[in-house]
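A short write-up of the structure that comes next.
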Amino acid sequence: MTYKTISYGILKALGIILGILILLFFLWEIQSVIIYIGIAAVLSLIGRPAVLFMRHKLKLPNLVAVIIVLVIFLSIFIGLILLFVPIIVEQSQNLSQIDIDAFRTDLNDLNRQINEFLGVNQINIVEGFKQSDFVKNFEITSVPKFLNNVFGSLGSGLIGLFSIIFISFFLLKDSKLLLNSVLAFSNRGDEDRFKRVFHTIKILLSRYFVGLTFQITILFLLYAIILMSFGIDNAIAIAFICAFLNLIPYLGPTIAGVLMMMFVISSNLGSNFSAIILPKLIKVGSLYIACQILDNFIFQPLIFGKSVRSHPLEIFLVILIAGLVFGVLGMVVAVPAYTALKVIAKESLGEYKIVRNLTRNL
């Protein structure tokens, strides 16, 4: 091996590393566009069965079916805005009219009742809040900065919404658009293999996201019924937030449960703890746990088992590992990413025994 060959190898390796770094930097700079494409792809997978139903069963033109599906998505989004904006405005008005002394009295009274019930030394909630880092580090000059961030996020959100709808339209209208983009990376002669992999992934993920949508919808209805039956303020909005948190496997339901309990307490602030608040907490908490049992043993096995065709233990380990490595975002995308990797592994590494065992149901 000559000096010239070694130098050429080193330069080639450095060039590849530099190219990878430039590519990663470019992807980081356009991460918003990648997110828009990802959300649009998910919406297209969710809307795909509806488009096919309208085309094949209702005999509607493809363009009309796509527009109807996008109008439904947009209507749901606008409905959520109309649901939350009045609540935010109402709470802002309530905050401006709140009696601080009465609120402090209610908090201390609730704190005293809880401490008496649990038999622990009394801790002053108000004084604890005053000593918190948030109050100590709060500066009035941060308010204008916060408002600028809010309006900036609003503008970015509108651009993002338009981009997602625009991309979703073409992904729904032309189901082969994404496939043709993927085929551009395939070698000559491998097109059929790429098509099989892409088709299988699209079907499995479409079933998964549709099933996930049904899961969230059912949980939302159950939570709304529970909260409204106990007279909790803004029950619909709270139910939607708690149901949406279930997108985060295992961790989300815990956060949702704590949030629901907090809203139960805040809706009954000033009432007797042992006579009113505690019984409501026990009843709402018991019903929430019942919903989670129903979700864990009926809804999730149907979604994970039939849609992505993976064993529940397999899914649990994948979510756990993804959460440890990539955090909450990893837990959210773990199942669809793992499903795609399984399909690719079956097509590319099917000769290995472990791959055959993991992908035997695909």
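The values are calculated or read from the model by the stated rules, or taken from the named source; none is laboratory data. Just so you know, these numbers come straight off a predicted model, no measurement behind them. Because the Cβ atoms are built from the backbone with ideal geometry, glycine has one as well, and the counts that use them run over all protein chains shown. Surface accessibility is based on the protein's heavy atoms, side chains included, excluding ligands, DNA and RNA. Shrake-Rupley method; radii C 1.70, N 1.55, O 1.52, S 1.80 Å.
Here are a few things to note about the model shown:
- Stretch gain in nm, segment Tyr8-Leu177, where the contour uses 0.36 nm per residue and the Cα spacing is subtracted: 56.8 nm
- A straight chain from Phe316 to Asn62 at 0.36 nm per residue would run longer than the Cα-Cα distance by 87.6 nm.
- Residues Thr217 and Ile16, FRET efficiency given R0 of 41 Å [Cβ-Cβ distance, rounded to 0.05]: 0.30
- Packing around the peptides 235-242, 214-221, taken as the average count of other Cβ atoms within 10 Å per residue, puts them in this order, highest first: 235-242, 214-221.
- Sulfur and carbon atoms: percent of accessible area, the range 1-47 [1.4 Å]: 82 percent
- Treating r as the C-beta distance of Lys353 and Ser229 and R0 as 45 Å, the FRET efficiency rounds to 0.25.
- The range 196-291 - percent of accessible surface contributed by carbon and sulfur, probe 1.4 Å: 77 percent
- Whole-angstrom gap from the range 204-276 to the range 38-80, using each part's C-alpha centre: 27 Å
- Segment Ile159-Asn296, extension gain: residue separation times 0.36 nm, minus the distance between their alpha carbons: 45.6 nm
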